[in-house]
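Notes for the one structure printed next.
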Amino acid sequence: MPLEQPILAPNVYDAEPIPEAARAEIDRLLASGDLFRYTSEGAPVARLEEEFAALIGSRFALAVSSCSAALFLSLKALGLPRGAKVLIPAFTFAAVPSAVVHADCAPVLVEVGADYRIDLDDFRAKLDGAAAVLISHMRGHTSDMDAIMAETEARGLPVIEDAAHSLGTTWGGRNIGTIGRMGCFSFQSYKLVNAGEGGILVTDDPDLIARAVIMSGAYEHNWKKHAVLHAPFARWQNRLPLYNMRMQNLSAAVIRPQLPEIARRVRDGRANHDHVAARLNATGFMQVPQALPREERAPDSIQFNLIGFRDDETRAFQAAAKARGVAVQVFGMSEDNARAFWNWQFLGPVPDLPKTRAMLMRACDCRLPARLTRAETDAIADALIAAAADVKGAKAA
Ligand SMILES: *Cc1c(COP(=O)(O)O)cnc(C)c1O
């Protein structure tokens, strides 16, 4: 009898190749040396901004060096005073509180529930005294934007959406990132569109885009090379600092041919995710939080909670998955994890946030790129289910 084949866990780290169409444009840019966005009219960065705004359904877009830069410029564009309180979810990437600190504002951490979304009771309790709200849709899990917009509109508070990992997610049919005053997306390699680094800010507000464009480094009259309303620029010319966070043309040349790929990546990523989620949920030992009713997700990874596991069992599960070739990150368990709020020591003392802490100690994160086949997603699900069975006994399988 042949030996049972070991499960070969798929490689989840390799990126998709950049579409071939990028090559000719990159060659053209290399041949001409025209890499700076403001040298020529109609440069690739300006074209990306027009295309992205149209794709996402915003009036304006500004491409910059990272999503962190986009978040920083959004806060600066709002003209918040030094020390202004900005509400952010306590479950996010360290870059988010960092952008708030960079903008001379004070982050106020809001509890996040076991469903990875903002705890609305804690949110309401912390709104008094806040100057702005920055909603980070962490790993693409969308907080209740209807409730958040109702609360913030009642108080006249601006909302910035950190949609770094939410490109393609919709809320009531609208693209995430277009619901608040400003939305920010990332083109870092682990996001849906990969340029190595890069970000983009979208808004419908002509005054905010004018301010953000100037501060991103549109010195002198370079703002005339943006396809935006030009009237507000006269108001801000020479009156704002230039932080120089521009995108360069090579990045735009890598991003533009990926825009037509987004719909396929979203469709395949969602199918992969929902297939694995159904298998994990069926075990009773792992639970993938439901999307909210108004939310259509665009996942490129899967998050699930271990149900009824102690700390030692959680560690054992991680090790058992690793032994089967699948890397699982438990956000609150790995040392110095940048998504565990107690590691954001640059903030000074952080409050105890028991709900978020409890979630982080059992919330697992596993990459699940859109390019995986059904057999590969099944191999990952098999490994996770077998790892849970290793720890919890045969019941989990
Ligand atoms: C990746 C990410 C960021 C940071 O994006 P950069 O482009 O690397 O600055 C911010 N927020 C979330 C939720 C992210 O996933």
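The values are calculated or read from the model by the stated rules, or taken from the named source; none is laboratory data. Bear in mind that the values here come from a model prediction, so they are computed numbers and not experimental data. Quick reminder, even Gly has a Cβ in these numbers, built from the backbone with ideal geometry, and neighbours come from all protein chains shown.
Annotations for the structure displayed:
- Meets criteria (closer than 30 Å to ALA381 by Cβ, buried (at least 20 other Cβ atoms within 10 Å of the Cβ), touching a residue at least 40 places away in the same chain (Cβ under 8 Å) and not basic (Lys, Arg)) for ALA15: no
- Selected residue [of a type in the set (A, V, I, L, M) and in contact (Cβ under 8 Å) with a residue 40 or more places away in the chain] from VAL288, VAL254: VAL254
- Whichever residue in the range 179-189 is surrounded by fewer than 24 Cβ atoms within 10 Å (Cβ to Cβ) and under 19 Å from PRO89 (Cβ atoms) and, among such residues, is nearest to the ligand (Cβ to nearest atom): ILE179
- Some residue of the range 280-294 being at pLDDT 95 or above and in a helix (DSSP H, G or I): yes
- Matching entry among ASP144, ASP162 (being within 10 Å of the ligand (Cβ to nearest atom), closer than 22 Å to ILE302 by Cβ and not hydroxyl-bearing (Ser, Thr, Tyr)): ASP162
- Residue under evaluation LEU29, criteria (1) in a helix (DSSP H, G or I); (2) buried (at least 21 other Cβ atoms within 10 Å of the Cβ), criterion not met: (2)
- Checked against the criterion of being in contact with a helix residue (DSSP H, G or I) (Cβ under 9 Å, 6 or more places away or on another chain), in contact (Cβ under 8 Å) with a residue 60 or more places away in the chain, under 18 Å from ARG37 (Cβ atoms) and part of a helix (DSSP H, G or I), the range 190-203 contains not a single residue that satisfies it.
- Elements of the type strands (runs of 3 or more DSSP E) sitting completely within the range 61-166 and holding at least 1 residues that are of a type in the set (Gly, Ala, Ser) and either surrounded by fewer than 23 Cβ atoms within 10 Å (Cβ to Cβ) or over 14 Å from the mean Cα position of the chain (by Cα) (or both): these cover 106-110, 130-136.
- GLY177 vs. criteria part of a strand (DSSP E or B) and within 20 Å of GLU197 (Cβ to Cβ): no
- In the range 56-72, of all residues being closer than 19 Å to HIS165 by Cβ and in contact with a helix residue (DSSP H, G or I) (Cβ under 6 Å, 6 or more places away or on another chain), the one that is nearest to the ligand (Cβ to nearest atom) corresponds to SER68.
- Taken over the range 339-397, the criterion of being in a helix (DSSP H, G or I) and aromatic (Phe, Trp, Tyr) is satisfied by PHE341, TRP342, PHE346.
- Tabulated pairs, the range 326-343, first under 21 Å from LEU87 (Cα atoms), second of a type in the set (Asp, Glu) and in a loop (DSSP other than H, G, I, E, B), C-beta under 8 angstrom, 6+ apart or interchain: ASN343/ASP336
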